Amino acid sequence: MNPMEFFTVAFDALRTNRLRSALTMLGVIIGVAAVILLVSLGQGTKNYVEEQFAGLGANILIVTPGKIETRGGPPVIGATRHKLTLDDARILEKKGYLFGGVAPVVFGTAEVRSGARSRNVSTLGVTPEFSPVRNIHVEVGNFVTDSDVDAKRRVCILGRTVKRELFGNANALGQVVKISGARFRVMGIMERKGVSLGFDIDDIVFIPVRTAMDIFDTDALFEILISVRNKNDIDSGKELARSLLFKNHNRHEDFTITNQAAMLSSLYTILDTLTYVLGGIAAISLLVGGIGIMNIMLVTVKERTNEIGIRKAVGARNRDILLQFLLEATTLSAAGGLCGVLTGMLGAGAIRLLVPKIPMEVPPWAVVLAFTFSVFVGIFFGVYPARKAAALHPIEALRYE
């Protein structure tokens, strides 16, 4: 028999028992679709996290006060921690030749009031560099300027949520609001950013950093954000920042520098592991489908024992019988795999359409892997029934009833 005849015989055998073939393929269909859906969910989540981080700036180093480490001996009572100050930010900005921007930040929560309306919101004291470093820009009006910082002007920029809650649809530019009881003039409205990593970027008020220090009665910074010009210089930039701050803090490393890219990489590792685990769990149903294929093929061998005897009597070799039944099993799994791929992609599209908040993205490698695995499952579980059919003695096969 030529290859085309083998395929014709295999398809004829499957068409003869359509319902049984469909039910057998169902296990493979469910397995392939489950693999694609779960991997798509994992990949979509990974892309969503990447977008969220990218929306808050790229190549970022975050300097926070205090050293995150454990050392020997009991804590020293009365010991103080060196604070981050504007002087630290100036040193980094002046000597950090690898840095694209240095943005000192003061953080606090304050009541913002306009007329009878008030709202407790996160208030950030910033410099002009904060906007490009954190990729957060003004849509209407102006952001904080250097002269605002130096003169400690009481001006503010409102996030979209704050503007809506305090002013509704009215124009807020030039209006006066009270922040912690002090009068501030609104000089800008931020562009809409939405919720990022569980934090509403639109529900923030921005004021000059020196003004924030007066409002919150502090001379310490909450953090210093550093953008590195080149992605390849992240590690070099981190070491440069560490060296500059180490010298400025009297050779005490009482600060922590966090690499945002490293945080993202660690998160990727977790998400990738989770994706592979979910895909592996879904692949178990493919093995169950393979067992179903083997079971049906064993039944088929029993039912077609006479046919096998006749074919052997007219000259069919063991290899021909083996190939015929193996091809039938592979056809079952391949057809189930194709239907599973279609079901999985349609399911992912439907979820993305009906529930846009669930990040679903079908990676091509998952489709190829799921289909290939389904075919190998058919071959693996089809070998035993095929060998059993090929091993039948023609005389005993012809006598079988």
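The values are calculated or read from the model by the stated rules, or taken from the named source; none is laboratory data. Every value quoted in this text rests on a predicted model; they were computed, and no experiment measured them. Quick reminder, even Gly has a Cβ in these numbers, built from the backbone with ideal geometry, and neighbours come from all protein chains shown. Calculation scope for accessible area: heavy atoms of the full protein, side chains included, ligands and nucleic acids excluded. Shrake-Rupley method; radii C 1.70, N 1.55, O 1.52, S 1.80 Å.
Observations, loosely collected:
- Conditions (1) in a helix (DSSP H, G or I); (2) open to solvent by 50 Å² or more (accessible area, probe 1.4 Å): number failed by residue 213: (2)
- Selection status of residue 120, polar (S, T, N, Q), assigned to a loop (DSSP other than H, G, I, E, B) and open to solvent by 50 Å² or more (accessible area, probe 1.4 Å): no
- Residue selected from the stretch 327-347 under the condition over 17 Å from residue 287 (Cα atoms) and at pLDDT below 85, by the criterion least open to solvent (accessible area, probe 1.4 Å): 328
- Scan of the stretch 348-362 for residues that are exposed (fewer than 11 other Cβ atoms within 10 Å of the Cβ) and either within 13 Å of the chain's Cα centre (by Cα) or assigned to a loop (DSSP other than H, G, I, E, B) (or both), ordered by number: 355, 356, 357
- Verdict on residue 100 being outside the structural domain of residue 228 (by TED's automatic domain parsing) and modelled with pLDDT of 75 or more: no
- The stretch 50-81, residues that are open to solvent by 30 Å² or more (accessible area, probe 1.4 Å) and at pLDDT 70 or above: 50, 51, 59, 64, 65, 67
- Reported count of residues in the stretch 221-235, each being at pLDDT 90 or above, open to solvent by 20 Å² or more (accessible area, probe 1.4 Å) and not in a strand (DSSP E or B), is 1.
- The number of residues in the stretch 247-271 being assigned to a helix (DSSP H, G or I), surrounded by 13 or more Cβ atoms within 10 Å (Cβ to Cβ) and modelled with pLDDT of 80 or more comes to 1.
Here is a yes/no grid of residues against (1) open to solvent by 30 Å² or more (accessible area, probe 1.4 Å); (2) part of a strand (DSSP E or B):
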site: 125; (1), (2): no, yes
site: 131; (1), (2): no, no
site: 136; (1), (2): no, no
site: 143; (1), (2): no, no
site: 162; (1), (2): no, no
site: 166; (1), (2): no, no
site: 170; (1), (2): yes, no
site: 183; (1), (2): yes, yes
site: 189; (1), (2): no, yes
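- Some residue of the stretch 283-303 being in a helix (DSSP H, G or I), modelled with pLDDT of 75 or more and acidic (Asp, Glu): no
- Members of the stretch 90-110 found to be hydroxyl-bearing (Ser, Thr, Tyr) and either in contact with a strand residue (DSSP E or B) (Cβ under 6 Å, 6 or more places away or on another chain) or part of a strand (DSSP E or B) (or both), listed by number: 109
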